[in-house]
Amino acid sequence: MNTLTPLQRRIVDSIHHDQWLALTRELVTTGQPDSENPLDPDMPSGSEEKIALCVADKLRALGLSVSLHAKVPGRPNVIGTWEGDAPGPVVILNDHLDVYPAGDPAGWTATGGNPYAPTVDGERLYARGTSDTRGNLACTLLAVKALKDAGVALHGTLKCIYTVDEEKHGPNGAIYLLDELGVRGDYEITAEPSGWTRGPDDWGVGVAVAHAGNCLLEIRIEGTKSHLWRPDTGVNAISKMAAVVAALERLTLTHTAPGLYGGTPPMLCFTRVRAGEPREMQFTPASCTAIAAAVGLVPGMSIASILGDVQAETRPPGRGRPHAQGERAPGAGLALRAGHRGVAA
């Protein structure tokens, strides 16, 4: 910090922890649980309208011109614009307005069972959205306020863009603004939690691609139902799925290494497994379905390339993939379906 100019020092010194804490608490509780936005394609999306209007008011109070842009009702994206005193580049300061679902309130022991009751414990603030990403949203607003209070003259334009639908990869948010409204900038900073871009022993802020692609795969395994007392007479679909999961979690997805990865390199992560029928606990299941997310996708990858990798890994013996002698191919009777794809940027 000794290398800061007097102006930079004045800006830094004007930002205080108690201001951040109060603002974060306000943002965490605003519009909740409405803005919970599950990734599940079969679940309804959230509504970020209340938090969007709150953030829009705060940007107006800072002197920015504000516009709201919604592809669907109740989900407005917020753009606050600060036009500089001289021509220059457009810098985008970005964050998102939706949050992950909070899940079972009983699991929120640090907040007394209320996921949206911001609670300080030691040096940590607990509540859904504190890290991802209302706490960071508060930082961006305080940063703009500090620049304004210091009388900074911009040579260019600052756009504060707060988007909806980030947790579902932005079809009504960032993708809408880019592809349908043509929003562009020369530089962009996304205030997303980035500690996971570094190793487990090197926690901290990292630099990474702000949004890597995502693709959901539905994998179905067919077996043969048998009575639970005679599993040897059938083929348990759960056992076969376990072998497929183990194989695909080790799979390296085909891609060309980019200059900078996202938070993780391309890989598969299983998030759901379903098998068995109600009132049939006496039998092994005849089928098992799993959902795997292909995450960390980079430019050049496609649904076709991902499915090709998965099919090659699960191809039965004698069809191009070596297996140990006598090994049953884990993917025999396997069906694949892909959908809900994000974008690599």
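With a/c under 1.5 counting as rounded, go ahead and sort region 1-145 into rounded, prolate or oblate using the C-alpha gyration tensor (a ≥ b ≥ c being the square roots of the eigenvalues; past the cut-off, prolate if a/b is larger than b/c, else oblate).
Note, shape of region 1-145 comes out oblate.
For n ≥ 4 DSSP H runs only, could you compute -39500 (n - 2.57) per run for the chain, divide by its residues and tell me the 222 nm figure to the nearest 500?
-6500 deg cm²/dmol
Got a number for carbon plus sulfur as a percent of the chain's accessible area, 1.4 Å probe?
55 percent
Could you derive backbone 3J(HN,Hα) for region 166-180 from the dihedral phi with the Karplus parameters 6.51, -1.76 and 1.60 (θ = phi - 60°), listing whole Hz in sequence and x where the residue is Gly or Pro?
5, 5, 10, 6, x, x, 9, x, 4, 5, 4, 5, 6, 7, 9
Rounded to the nearest 0.05, what FRET efficiency do residue 225 and residue 104 give with R0 = 51 Å and r taken as the Cβ-Cβ distance? Could you check?
0.95
Rank 102, 114, 276 by how far each Cα sits towards the positive end of the charge dipole of the chain (+1 on Lys, Arg Cβ; -1 on Asp, Glu Cβ) and give me just the farthest.
Towards the positive end, the residue furthest out is 276.
Could you give the size of the charge dipole of the chain about its Cα centre, using +1 on the Cβ of each K and R and -1 on the Cβ of each D and E, expressed in debye and rounded to the nearest 20?
Dipole size: approximately 760 debye.
Given H placed on each backbone N at 1.01 Å, which residues far from residue 156 in sequence or on other chains put an amide H within less than 5 Å of it?
Excluding prolines and chain starts, which carry no amide H, the hits are 84, 85, 86, 88.
Mind checking which lysines have their C-alpha under 18 Å from residue 145, skipping anything on the same chain fewer than 8 residues away?
Hits, sequence-local ones excluded: 58, 159.
Of the listed values [x] 87, 60, 37; [y] 78, 46, 43; [z] 58, 47, 37, grab the one calculated as Cα extents along the principal axes in Å from the structure here.
[y]
Which lysines have a Cα lying under 27 Å from the Cα of residue 240, excluding residues fewer than 8 positions away in the same chain?
Leaving aside lysines fewer than 8 places away in the same chain, those within reach of residue 240 are 225.
Around residue 267, which amide H atoms from residues at least 5 apart in sequence, or from another chain, sit under 5 Å from its own amide H, with H modelled in the peptide plane?
Placed amide hydrogens put 295 under 5 Å from residue 267.
Can you give the extra length, in nm with one decimal, that the chain gains between residue 67 and residue 312 once fully stretched, where that is 0.36 nm per residue apart less the Cα-Cα distance?
83.3 nm
Among all the lysines, which ones have a C-alpha under 17 Å from residue 168's C-alpha, if same-chain residues fewer than 8 places away are not counted?
Within the straight-line cut-off, residue 168 pairs with 71.
In Å², what does the accessible area per residue of the chain work out to with a 1.4 Å probe?
Dividing the accessible area of the chain by its residue count gives 53 Å².
The values are calculated or read from the model by the stated rules, or taken from the named source; none is laboratory data. Everything numeric in this text was worked out from a predicted model, so none of it was measured. Here the Cβ is made from the backbone with ideal geometry for all residues, glycine too, and neighbour counts use every protein chain on show. The protein model used for the area step is the full one, side chains on, heavy atoms only, and it has no ligands, DNA or RNA in it. Shrake-Rupley method; radii C 1.70, N 1.55, O 1.52, S 1.80 Å.
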